[in-house]
Amino acid sequence: LQYSFGVQREITPTLGLEVGYVGNKGVKNWFTYSFNTPVAGPGDIASRVPFPQYGDLSGPVSWGASHYDALQVHVRKRYDSAGLLFIGSYTWAHALGNTVSGPEFEENFSYRDFHNWKEDYGNTPYDIRHLLSLSWIYDLPFGRGRHFAGDVGPVVNQIIGGWKFGGIVAFNSGTYLTPNDVVDVSNAGGSRPDMICNPNHQSHPNRDAAINEWFNTTCFQRAPLYTFGNTGFGVIKGPGLKNFDLSVHKQFAVAEGKRLEFRAEFFNAFNHPNFNNPGVDFGTGDFGVISSSLPGRDIQFGLRFDF
């Protein structure tokens, strides 16, 4: 079930605003259910499965549920006299579920206990609360008819005139992660630790501290023997993203109907470190530790000839 509502408004001839709500509700979502999962307890696993005469019994079921809500704001502003076009978009969203809406997304969920799978209703792997995007195209004010060097000759104008400066700035909060215990405390195939406090909003005095303990690892402890742990799904907030992509480009008139375009593009222009998710395997030295990051600055140049 999908639903949306939006309002568009032209505030001035050069300023437009859109505000919308987008939501969907998933019922009878598909996932693969294990019908022969043992209950937690001591002794041989085979003695605790519902159907000991069979091995693995699993198949698709349509029992899952999910819910998504999003507020979307879009602003478009032109400064015609300055040759500037600015676009800004912001989305607040929340994605909940014990499955992901759509067919067969069960690979993103690892249930603690198939006998109580509904308890794993929580923040899904696609739950990103805040997304902000800002983009612009700016005709640089150099060359004939522009604010600076407006009366230069044709040769100089070919060099300094007609340049455009563009950029895309993206900020978004992190996804939500689920810890697992490397020790099979349940003796039924796997378990999670117990969560005793909120692991998020950890104070980081410096970057090294953030890398070495992204979330408060003391908020987790090993669950009692023969239990699955009380930690729900999607309880750890991962690192967000801050990215600046910039570009400059210009078209040169070569002959009638023929143009040459030069582009210089700078991805992650300020080489800001964006971290990958921390380790979430409780009981290992990597628990809470960030060990990798996204690519750094990347610069590329290009030429395009249109004829």
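The values are calculated or read from the model by the stated rules, or taken from the named source; none is laboratory data. Worth saying up front: this structure is predicted, and the values here are computed from it rather than measured. Cβ: placed from backbone, ideal geometry, glycine included. Neighbour counts: every protein chain shown. The accessibility values were calculated without ligands, DNA or RNA, using every heavy atom of the protein model including side chains. Shrake-Rupley method; radii C 1.70, N 1.55, O 1.52, S 1.80 Å.
Key figures
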{"read-out": "Within region 157-169, considering residues that are in contact (Cβ under 8 Å) with a residue 12 or more places away in the chain and open to solvent by 30 Å² or more (accessible area, probe 1.4 Å), the one nearest to Leu96 (Cα to Cα)", "value": "Ile168"}
{"read-out": "Residues satisfying the stated conditions in region 254-276, i.e. open to solvent by 70 Å² or more (accessible area, probe 1.4 Å) and either out of contact with any Phe, Trp or Tyr (no Cβ under 9 Å at 6 or more places or on another chain) or not basic (Lys, Arg) (or both)", "value": "Val254, Glu256, Phe267, Phe270, Asn271"}
{"read-out": "Enumeration of residues in region 191-213 that are more than 26 Å from the chain's Cα centre (by Cα) and open to solvent by 60 Å² or more (accessible area, probe 1.4 Å)", "value": "Ile196"}
{"read-out": "Considering residues of region 29-44 that are part of a strand (DSSP E or B) and in contact with a helix residue (DSSP H, G or I) (Cβ under 6 Å, 6 or more places away or on another chain) only, the residue surrounded by the fewest Cβ atoms within 10 Å (Cβ to Cβ)", "value": "Thr32"}
{"read-out": "Unmet requirement for Ala188, which otherwise passes all of (1) over 30 Å from His272 (Cα atoms); (2) surrounded by 20 or more Cβ atoms within 10 Å (Cβ to Cβ); (3) modelled with pLDDT of 95 or more", "value": "(3)"}
{"read-out": "Test: residue in region 228-244 that is free of Cβ contacts under 8 Å to residues at least 40 places away in the same chain, of a type outside the set (Val, Ile, Thr) and either open to solvent by 50 Å² or more (accessible area, probe 1.4 Å) or over 13 Å from Val280 (Cβ atoms) (or both)", "value": "yes"}
{"read-out": "Residue in region 191-198 that is modelled with pLDDT of 95 or more, of a type outside the set (Asp, Glu) and closer than 30 Å to Lys164 by Cβ present", "value": "no"}
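Yes or no, residue by residue, for (1) more than 14 Å from Val289 (Cα to Cα); (2) part of a loop (DSSP other than H, G, I, E, B); (3) not basic (Lys, Arg):
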| position | (1), (2), (3) |
| --- | --- |
| Ile168 | yes, no, yes |
| Ala188 | yes, yes, yes |
| Gln202 | no, yes, yes |
| Phe215 | no, yes, yes |
| Leu225 | yes, yes, yes |
| Pro239 | no, yes, yes |
| Leu246 | yes, no, yes |
| His249 | yes, no, yes |
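Residues checked against (1) at pLDDT below 95; (2) under 29 Å from Ile87 (Cβ atoms); (3) touching a strand residue (DSSP E or B) at 6+ places or on another chain (Cβ under 7 Å); (4) of a type in the set (Val, Ile, Thr):
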| position | (1), (2), (3), (4) |
| --- | --- |
| Gln158 | yes, no, yes, no |
| Asn172 | no, yes, yes, no |
| Thr217 | no, no, yes, yes |
| Phe244 | no, yes, yes, no |
| Lys250 | yes, yes, yes, no |
